[in-house]
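The values are calculated or read from the model by the stated rules, or taken from the named source; none is laboratory data. Please read all numbers here as calculations on a predicted model, not as lab measurements. Note: ideal-geometry Cβ built from the backbone for every residue, glycine included; neighbour counts use all protein chains shown. Note: accessible area is taken over every heavy atom of the protein model, side chains too, but ligands, DNA and RNA are not part of it. Shrake-Rupley method; radii C 1.70, N 1.55, O 1.52, S 1.80 Å.
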Amino acid sequence: MLNKILQQLEPTHTKLIAVSKTHPAERVMELYNQGQRIFGENKVQELTAKYEALPKDIEWHLIGHLQTNKVKYIAAFVSCIQSVDSLKLLAEIDKQASKNGRVIDCLLQFHVAEEETKFGLDETEASELLQSAAFLDMKNVRITGVMGMATFTDDLMQVRREFQHLKKIFDNLKNRFFGDQPSFKEISMGMSGDYQLAVEEGSTMVRVGTLLFGVR
Ligand SMILES: *Cc1c(COP(=O)(O)O)cnc(C)c1O
């Protein structure tokens, strides 16, 4: 399955984040041995345990909601925090990254799903964040793009609209705030059920769990 997905992503150079949440370290090792190096987890405790147990050349992405008081546990090693949804959280990441002498890559998470339950910013909140003095002072975080989750539905037209919305947000932010920063380039969207659609709509990073590891 890994190779089939990689072949589909190849033409657009879309990156694969293998979402290993709930699956044991041995399952991660199976994919690692097939060459996969980027893995995603949604809980700090599980991420930390797997980081400690597994090879150190794995790139770990945090993809789930992050509480401010837990940033300190992952700041020394996390490659990318995809779920930044407030200035307060970003400030804490900056502080903990600084303590570790690092710059941590972050994605701004947007609420693009029509359903109510998901975390994330809207465009107005994001532009306030990006214009704030507090953000402009931060030296240890680098915003490399956006992340979003579509509604869990069979209505593929709706899912496509939500991906188009996230792409539009990315383009607007790029124009307004990151025009001179080539590192702002990531659109993290697409999961097991909708990653092909996401790639068609401009995804640069898909987060696939179930298709690679089986049902949780
Ligand atoms: C679990 C999860 C995924 C992977 O979902 P699958 O449907 O198992 O591929 C992707 N993104 C986020 C934010 C997740 O929590």
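Mean residue ellipticity at 222 nm, helices only, the chain: -11500 deg cm²/dmol; runs of at least 4 DSSP H residues each add -39,500 (n - 2.57), and the sum is divided by the number of residues. Projected over every direction and averaged, the convex hull enclosing the alpha-carbon atoms of the stretch 122-216 yields 7.4 nm². Bridgeable aspartates and glutamates around residue 21 (alpha carbons under 18 Å apart, same-chain partners fewer than 8 residues away excluded): 30, 41, 46, 52, 59. As a fraction of the 1.4 Å probe accessible area of the stretch 1-95, surface on carbon and sulfur atoms comes out at 51 percent.
Hey, how much of the P(r) for the stretch 2-213 falls beyond 32 Å, as a percent of Cα pairs? In whole percent, the long-distance tail amounts to 13. Taking every alpha-carbon pair under 8 Å whose residues sit at least 6 apart, the chain reaches a relative contact order of 20 percent.
A simple rule links phi to the HN-Hα coupling: the Karplus curve 6.51 cos²θ - 1.76 cosθ + 1.60 with θ = phi - 60°, which for the stretch 51-60 gives 4, 5, 7, 10, x, 7, 8, 6, 8, 9 Hz, with x for Gly and Pro. Taking each residue as 0.36 nm, the span from residue 95 to residue 37 lengthens on full extension beyond its C-alpha to C-alpha distance by 18.2 nm. In whole angstrom, note down how far apart the Cα centers of the stretch 1-80 and the stretch 84-109 are. Result: 18 Å between the Cα centres.
With point charges of +1 on the Cβ of Lys and Arg and -1 on the Cβ of Asp and Glu, referenced to the Cα centre of the chain, which listed residue (22, 100, 189) lies farthest in the positive direction of the dipole? Farthest towards the positive pole: 100. Checking the Cα-Cα distances for 50/168; 15/70; 99/185 against a 31 Å cut-off, the pairs over it are 50/168. Under a Gaussian network description of the chain, with springs only between Cα atoms under 10 Å, the residue in 198, 18, 133 that fluctuates furthest is 133.
Given charges of +1 on the Cβ of Lys and Arg and -1 on the Cβ of Asp and Glu, with all other atoms neutral, how large is the dipole of the stretch 2-107 about its Cα centre, in debye to the nearest 20? Mind showing how you got there, number by number?
Details: 14 positive and 12 negative charges, 44 e Å.
For this selection, approximately 220 debye.
Shape verdict for the stretch 40-140, please, from the Cα gyration tensor: rounded (a/c under 1.5), prolate (a/b greater than b/c) or oblate. The shape class here is oblate.
Accessible surface of residue 20, taken over heavy atoms with a 1.4 Å probe and every protein chain present, rounds to 0 Å².
Each Lys or Arg adds one and each Asp or Glu subtracts one; over the other residues with Cβ under 13 Å from the Cβ of residue 194, this totals -2.
Only Cα pairs under 8 Å and at least 6 apart count here; give the relative contact order of the stretch 109-216 as a rounded whole percent. Please report the intermediate quantities before stating the final value.
Numbers: 142 pairs, mean separation 25.4, N = 108.
Relative contact order of the stretch 109-216: 24 percent.
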